[in-house]
Amino acid sequence: MDKSSEDMKPMRRQRIIAVIPACNEQDSLPATLSELASVRPDVDAVIVDDGSTDRTAEIAREMGVPVVSLPVNLGIGGAVQTGVRYALNHGYDVAFQYDADGQHRPEQIAALVDPILRGEADMVLGSRFIEDSGYRVSIARGMIMWVLRTLSSWAIHQRITDNTSGFRAYGRRAMQFMVTNCSCDYPEIEAIILLVRSGHRFTEVPVSMGERTAGRSMFTPLRGMYFIIRSLMAVLISVLVRPVCAGSPCESGEGSS
């Protein structure tokens, strides 16, 4: 086959999947899945049932969505890693984390995954604070978030505006790194640091988020305090530990924004 014939061959459509961690989300899941399928019928989804005791898994299967059921509750980190591994094993090019509670908006998926599809980034974070999205937090929470993103920005020599956002996407290279190098606890902050310091390209895009449609947040005051302490330690450890190279010599740690 000559070069002109090869150029005429249609390019393979890149496959995208929503990784949806869910623990006792039977009340919010139907609306979330229906809206996702309505707005983005081209995007697949997998529910990672993180030890639910309600009908979360049953509802997802009734709606025709694949389910990976964890026998015990691993937490958000373990659930996301499980979903990312599923995406890798099933040949997806991009996987993005998507909340089961309806806070993430399906019309913003394109903005989240496009930098990866264009080959410009390995990981993309949906930020509530690049632009005024109307998202508001308490003074105390805002101060904590400022400390965490300031330390994280310092750690990777790149500005981060919303490192606690769970609306994020990974290309295959980042997915392969994630399943072997990121912890199964609260991965939001340290995942960014580990990925960038190991040579992956990271950027943020502006998004807005809604309110939880049903159920309740996993964060109790005690878990919230643990998250803060754990995150501060993660930033420090991530900086002190030698970067893990992702299949090529490690870069300087300065990503592109």
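The values are calculated or read from the model by the stated rules, or taken from the named source; none is laboratory data. Model, not experiment: these values are computed from the prediction. Cβ coordinates were reconstructed from backbone atoms using ideal geometry, including for glycine residues, and neighbour counts include every protein chain displayed.
Of these, SER52, SER69, which one is farther than 18 Å from PHE167 by Cβ, of a type in the set (Gly, Ala, Ser) and part of a strand (DSSP E or B)?
The conditions single out SER69.
Go through the stretch 100-132 and report how many residues are surrounded by fewer than 17 Cβ atoms within 10 Å (Cβ to Cβ), among the small types (Gly, Ala, Ser) and modelled with pLDDT under 95.
The qualifying residues number 0.
Filtering the stretch 81-99 down to residues that are in a helix (DSSP H, G or I) and touching a Lys or Arg at 6+ places or on another chain (Cβ under 9 Å), which residue is surrounded by the most Cβ atoms within 10 Å (Cβ to Cβ)?
Taking the candidates together, the pick is ALA87.
Restricting the stretch 27-49 to residues that are outside any strand (DSSP E or B) and among the aliphatic types (A, V, I, L, M), which is surrounded by the most Cβ atoms within 10 Å (Cβ to Cβ)?
For the stretch 27-49, the residue satisfying everything is LEU29.
Do you know which of the residues in the stretch 2-27 that are modelled with pLDDT under 95 and of a type in the set (Gly, Ala, Ser) is farthest from VAL65 (Cα to Cα)?
Only one residue fits best here, namely SER4.
Scan the stretch 111-118 and tell me whether some residue there is within 15 Å of the chain's Cα centre (by Cα) and assigned to a loop (DSSP other than H, G, I, E, B). Lay out the reasoning, then the answer.
Restricting attention to the stretch 111-118, the residues satisfying the condition of being within 15 Å of the chain's Cα centre (by Cα) are 111-116.
Adding the requirement that they be assigned to a loop (DSSP other than H, G, I, E, B) leaves none.
Looking through the stretch 111-118, none of the residues is within 15 Å of the chain's Cα centre (by Cα) and assigned to a loop (DSSP other than H, G, I, E, B).
Collect the residues in the stretch 150-166 that are out of contact with any strand residue (DSSP E or B) (no Cβ under 9 Å at 6 or more places or on another chain) and closer than 13 Å to LEU236 by Cα, keeping them in residue-number order.
The answer is THR150, LEU151, SER152, SER153, TRP154, ALA155.
Is it the case, given these coordinates, that ARG61 is within 20 Å of the chain's Cα centre (by Cα), over 26 Å from ALA191 (Cα atoms) and at pLDDT 95 or above?
no
THR180 fails exactly one of the following numbered conditions: (1) at pLDDT 90 or above; (2) among the β-branched types (Val, Ile, Thr); (3) outside any strand (DSSP E or B). What is the number of that condition?
The single condition THR180 does not satisfy is (1).
From the set of residues in the stretch 133-160 that are within 15 Å of GLU204 (Cβ to Cβ) and charged (D, E, K, R), which is modelled with the lowest pLDDT?
ARG149
Considering only the stretch 155-164, state which residues are closer than 16 Å to LEU195 by Cβ and of a type outside the set (D, E, K, R).
Listed by number, the residues that qualify are ALA155, ILE156, HIS157, GLN158, ILE160, ASN163, THR164.
Based on what the data block shows, is GLY255 modelled with pLDDT under 60, surrounded by 17 or more Cβ atoms within 10 Å (Cβ to Cβ) and over 30 Å from ASP93 (Cβ atoms)?
Working: modelled with pLDDT under 60: yes; surrounded by 17 or more Cβ atoms within 10 Å (Cβ to Cβ): yes; over 30 Å from ASP93 (Cβ atoms): no.
Answer is no for this residue.
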